Protein chains: 2
Amino acid sequence: MDTAPPSPAPPSPTTPGKTEGLRDRKRRETMQRIADTGLKLFMENGFEATTLDAIAAAAGIARRTFFYYFKSKEDVLLAWQGSGFVEAIGPALLQEPADQPPLAAARHCLLTLAARFETKTSIAADALLRSTETLRARKLAKMVDMERDLAQVMAERWPDRATEELRVAAMLAIGALRLAQEEWRHDHAAHPDTARPLAEHLKATFALLDRQVPSAT
Amino acid sequence: MDTAPPSPAPPSPTTPGKTEGLRDRKRRETMQRIADTGLKLFMENGFEATTLDAIAAAAGIARRTFFYYFKSKEDVLLAWQGSGFVEAIGPALLQEPADQPPLAAARHCLLTLAARFETKTSIAADALLRSTETLRARKLAKMVDMERDLAQVMAERWPDRATEELRVAAMLAIGALRLAQEEWRHDHAAHPDTARPLAEHLKATFALLDRQVPSAT
DNA sequence: GCGCGAATTCGCACTGAGTGCGATATCAAA
DNA sequence: TTTGATATCGCACTCAGTGCGAATTCGCGC
């Protein structure tokens, strides 16, 4: 079906090196198939109305097997969240020149990776992600995870900076991303034709951020 | 049991004005009792191990009645999140002088209200809130709600400012609160005696924020 | 005081998510 | 080819949450 999304993350074991054997590929394929059919059914009937049995049946596996690959129904949808963004942000940041402040580097990274959120599937998944309170919540939690990961990577790249400082920088970056994404979504909903790309909204949000901050009393 | 937390928010109807009658008080009491016994049982046995039947029984109501007051088991715990903070932030901000920038005003408000997070119950509830993935997620979602409310109040107080700007300011304030709370929690876990109050951490985080921002390229 | 309508309480049956357990099958490597 | 790990599956069970409708209680106008 679609081509990019759920991370290869296996159920439990961590494949260290090696050329992946037949078994690994099969696992990958199965997980992908579940994610695909899951998203498909969610889009057709909505999240809540789609039962686990339906997904399992459509994916050609037993109900029990589903839980071998995903911990919950929500996780199937969550796997599509920002398709591959989480995996890309780290490497991208490490390629940034280190002579600029962390936040500026993060800003640049986000602008580059913004396109990942603008695919049809990403948008569809995001709409589903807003159909339920818990889904919305889990999405936000995932962004906070992303924030912590980002701070982690920053700590590698700028070892001399205090970790608290980097946590703040990461919070700003991901926070800006969240707000920009929201603006962008509204923009699209209102003017589907003349809507500006996410990167534009991101720039605008960062600009506001700069003007906002010296919170001088 | 405890004295402050779950908002009087009735199941569905919105009491407009009037002096509250016997009925309203009973409803309030029942909801309070459910929240109390719920938190109590959660603290004793953990969130997941506590069944709805147990809560209902301990609160002296039928299982079905529980759902008349709360939409889910999670909501019982969520009701304790930042006890009364959400209700207090709005009025507090409206009392701030309007001649300072919104973010500075928010900063000042948060410093005043920080003590609300430092009560025994608030800390206990917060620990529970981190025992499950969905709970953690819902807590974050609630903070984002708080962020939106804050921006809303700001829009009333500073009508001349653009709403996007205020959204950013609110994001910064709540984001800082979240990070500061985290630092504060770690601080307490490590040095239960010499730990600094939340307000201190909050100041520090805001200070970092100021130094962080001009994200000049 | 009386009774009407709304708010509240409750029981019952049902769906569906998620888990524990253990059996079977399949594959990779020795 | 044996062997151990990985993967698939079925079954039975717990528990959260919902729909439906009955019974009760309360506030209020008459």
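Values computed for the structure shown
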| quantity | calculated |
| --- | --- |
| Which listed residue, of A:125, A:59, A:106, A:137, is buried (at least 20 other Cβ atoms within 10 Å of the Cβ), assigned by TED's automatic domain parsing to the domain that holds residue A:33 and among the small types (Gly, Ala, Ser) | A:59 |
| Residue count, the stretch B:5-34 (criterion: of a type in the set (D, E, K, R), assigned to a helix (DSSP H, G or I) and at pLDDT below 80) | 2 |
| Residue list for the stretch A:188-217, filter: assigned to a helix (DSSP H, G or I), at pLDDT below 95 and among the acidic types (Asp, Glu) | A:210 |
| Number of the condition not met by residue B:164 [criteria: (1) part of a helix (DSSP H, G or I); (2) touching a residue at least 60 places away in the same chain (Cβ under 8 Å)] | (2) |
| Qualifying residue in the stretch A:111-121 (condition: within 11 Å of chain B (Cβ to nearest Cβ) and either outside any helix (DSSP H, G or I) or in contact with an Asp or Glu (Cβ under 9 Å, 6 or more places away or on another chain) (or both)) | no |
| Selection count, the stretch A:45-56, where residues are part of a loop (DSSP other than H, G, I, E, B) and not acidic (Asp, Glu) | 5 |
| Filter result for residue B:37 (of a type in the set (S, T, N, Q), within 16 Å of DNA strand C (Cβ to nearest atom), at pLDDT 85 or above and in a helix (DSSP H, G or I)) | yes |
| Residue in the stretch B:60-74 that is farther than 30 Å from residue B:157 by Cβ, more than 9 Å from DNA strand D (Cβ to nearest atom) and of a type in the set (Val, Ile, Thr) present | yes |
| Tally, over the stretch B:73-92, of residues that are touching a Leu at 6+ places or on another chain (Cβ under 9 Å) and within 14 Å of chain A (Cβ to nearest Cβ) | 5 |
| Residue pairs meeting the criteria (Cβ under 9 Å; at least 6 apart or on separate chains; first more than 16 Å from residue A:140 (Cβ to Cβ) and in a loop (DSSP other than H, G, I, E, B), in the stretch A:57-86; second of a type in the set (Phe, Trp, Tyr) and away from DNA strand D (no atom under 14 Å from the Cβ)) | A:83/A:117 |
| Failed criterion for residue B:95 (all others in (1) in contact with a helix residue (DSSP H, G or I) (Cβ under 8 Å, 6 or more places away or on another chain); (2) surrounded by fewer than 14 Cβ atoms within 10 Å (Cβ to Cβ) hold) | (1) |
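The values are calculated or read from the model by the stated rules, or taken from the named source; none is laboratory data. Remember, predicted model here, so these are calculated numbers, not experimental data. All Cβ positions, even for glycine, are placed from backbone atoms using ideal geometry, and neighbour counts span all protein chains on display.
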